[in-house]
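Participant: Take this structure first; my questions come after.
What follows is calculated from the coordinates using simple rules that are stated; it is not laboratory data. Just so it is clear, the structure is predicted and the values come from calculations on it, not from any experiment. Positions of Cβ are generated from backbone atoms using ideal geometry, with glycine treated the same way; all protein chains shown enter the neighbour counts.
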Amino acid sequence: MELIAYWRLLVQNRILVGLCTLLGFFASVIITATTTPLYQSKAQLFVSTPAAALDISTLATGGSFSQQRVKSYAQIINSPMTLKPVIKNLELSLTPEQLAQQITSSAPLDTVLIDITVTDADPLLAADIANAVTDQFGKTVAALELRGMGSDSIVKVSTVQNAIAATSPTSPKIPINYALGFLLGLGLGFGVASLRRLLDNSVKNEDDLTGTPLLAAVGFDTMADEKPLITQIGRYAARTEAFRTIRTNLQYLRPDSPPKVIVVTSALPNEGKTTSAMNLALSLSQAGSKTLLIEADLRRPKVSIYMEFSAKASGLTEILASSKSITPLLLKKNIHRYDDSKLDVLPSGVVPPNPSELLASHRFDKLITVLRKKYKYIIIDCPPLLPVTDAAIVSARVDGSILVIHAGVTKKPQFTGARDAMLSVGSTVLGVILNMIPESSLEYEYGYRYGYPRYYGNHYLPYGSKKEAVTGYEPRAEDLSRIEREDSFQHIKGKRFKEELMKDANPGVKSGKKKI
């Protein structure tokens, strides 16, 4: 994994990594606070072999003998033979085995020195134990060397350095513990984030589409539930621009024969396919194209709810179930205009008991043939592909299909299963809309964030900011002129000027002067 990949992993999982880091740090604080401070006292012994001062060879032999003895003495210095008298003299409530765990000894290489270290929660007691051990160890050595001999000891143990009480504890080491807890928490966060990414089998970016074109990446919008349609939000909002991108990509996808009748579906429910179909149709109509939105989801229709049509409004079901020929009068009766836009909508109508049979009928084919002659674009909202076969039936009769994927939720096998279901009936998959992408992924997976400044009262806010005053932000001149024009039109009575604002999104559409 490259360095930039680790950075993206950190940014996308910053909450998880931050929580793990804090957890590790606070755990180190708690462990440090509950750990009993320990103090160490050190003493040093010198081991020698008495010899005549002028006998050089004897001195060398004695020194070599002492070095050999020191290695063994360092191993037995905390033996019961030494510690039992120490416990008795100091009146300690410990066993020799317990006291031995507090005493460590070492012999520096090529020396006749023995270092003794005693660790205890009481610094004065640690020093007393170390001094008592050094005094007693000389007697222990004499007893060992003279056992069965009855003469003076050939080895002499002298105290070189007496132990003194320590003024500061040797453990816990607070800075090291805190740093270690921080680093371990950070490592744990990275590990969990990497494991999540490794085990995550969802579609997250264009690389997971396995060659299927990406039409647009639509970021997650907290206002989408309240305002699902792009006509309900700003003209320069990121979601609006995303559907303009889809519109442009569709127009240039096949320049010689652009698709006119397009199915919009998804692999599973709740992936945003209905709102995507509506917003795509609205975006096409705003560009001046005569567009029709057909609600072919005859099982759980929602277009009428979002666009606030009457629940009793007639629509596709009535046309397909009717025995009358498809005439302009029948179409006019069932096709409705959405507000003051140029978008025509054919709602689902009454929910039928046999939706698959109606959509697979010759009458549906004939309806599409008639509508092709009346509209430049026909967007068909269909049910999800994996639960039911309605979308596959319809996609076989149109120019192409668009698959809406909930980024980070839809699994790769679900995406490939839905795509293969359309390909198996001969449908052309025009591309994929990655929907509801988290903000961090939208920025770091796709490398940009788009949006004009938004205007609230007297404050100019860059896209992504909250509705608060931002100091030091200067809007561009072209953005300022757009905002001033928009405000001036808001004070002019008449809906025709709103159409002029919509046409501003497509400079190629000419508009004449309007009377107030």
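Participant: Once you keep just the Cα pairs under 8 angstrom separated by 6 or more residues, what percentage relative contact order results for segment 290-347?
Facilitator: Value for segment 290-347: 49 percent.
Participant: Hey, if you drop one equal point scatterer on each alpha-carbon of segment 213-359 and run the Debye formula without solvent, what base-10 log of I(q)/I(0) do you get at q = 0.16, 0.18 Å⁻¹?
Facilitator: Scattering profile of segment 213-359, log10 relative to I(0): -0.94, -1.16.
Participant: Multiply the residue gap between A143 and S361 by 0.36 nm, knock off their C-alpha separation, and tell me the result in nm, one decimal place.
Facilitator: Once the chain is fully extended between A143 and S361, it gains 67.4 nm.
Participant: Among the GluC sites (Glu not before Pro) in segment 292-356, which ones are in a DSSP loop with at most 13 other Cβ atoms within 10 Å of the Cβ? Mind listing them?
Facilitator: In loop regions of segment 292-356 (DSSP not H, G, I, E or B), the sparsely surrounded GluC sites (Glu not before Pro) are E308.
Participant: Which whole-angstrom value gives the distance between the alpha carbon centres of segment 399-415 and segment 317-348?
Facilitator: 30 Å
Participant: Over the Cα atoms of segment 306-380, Rg to Rh with Kirkwood Rh, two decimal places?
Facilitator: In segment 306-380, Rg relative to Rh is 0.94.
Participant: Sticking with this structure for a sec: Compute the relative contact order of segment 221-344 as a whole-number percentage, counting only Cα pairs closer than 8 Å that sit 6 or more residues apart in sequence.
Facilitator: Relative CO of segment 221-344 lands at 21 percent.
Participant: Could I ask something else about it? What FRET efficiency comes out for the pair T389/A27, r = Cβ-Cβ distance, R0 = 45 Å, nearest 0.05?
Facilitator: 0.25
Participant: Can you give the direction-averaged projected area of the convex hull of the alpha-carbon atoms in segment 63-129, in nm²?
Facilitator: Average projection, Cα convex hull of segment 63-129: 4.8 nm².
Participant: Which loop GluC sites (Glu not before Pro) in segment 163-264, with loop taken from DSSP, have no more than 16 other Cβ atoms within 10 angstrom of their Cβ?
Facilitator: Passing sites in segment 163-264 are E226.
Participant: State, to one decimal in nm, how far the label point of T170 lies from the label point of K412, with both points 7 Å from Cα in the Cβ direction.
Facilitator: Result for the modelled spin labels: 5.4 nm.
Participant: Per 0.36 nm of contour for each residue apart, how much would the distance between T36 and L183 grow if the chain were fully extended, relative to their Cα-Cα spacing?
Facilitator: Going from the current span to full extension adds 50.6 nm.
Participant: Now for a separate question. What do you get when you divide the Cα radius of gyration of segment 232-292 by 2.2 N^0.38 Å, with N the number of residues?
Facilitator: 1.15
Participant: Through the Karplus equation 6.51 cos²θ - 1.76 cosθ + 1.60, θ set to phi - 60°, convert the phi angles of segment 204-220 into ³J(HN,Hα) values in whole Hz; use x for Gly and Pro.
Facilitator: Values per residue, Gly and Pro as x: 10, 8, 5, 5, 7, 8, 6, x, 6, x, 9, 7, 5, 10, 9, x, 6 Hz.
Participant: Order 400-412, 366-378 from most to least packed using the mean count of other Cβ atoms within 10 Å.
Facilitator: Descending mean neighbour count gives 400-412, 366-378.
Participant: Just subtract the alpha-carbon distance of I305 and E226 from 0.36 nm times their residue separation and send over the number in nm, one decimal.
Facilitator: 27.2 nm
Participant: Would you mind putting 255-266, 383-394, 171-182, 319-330 in packing order, based on average other-beta-carbon counts within 10 Å, highest first?
Facilitator: Top of the packing list down: 383-394, 255-266, 171-182, 319-330.
Participant: Let me ask something else. Counting alpha carbon pairs within less than 8 Å and at least 6 residues apart, what relative contact order, in whole percent, applies to segment 120-211?
Facilitator: This gives 28 percent for segment 120-211.
Participant: Which of the GluC sites (Glu not before Pro) found in segment 86-191 are loop residues per DSSP with 15 or fewer other Cβ atoms within 10 Å of their Cβ?
Facilitator: E91
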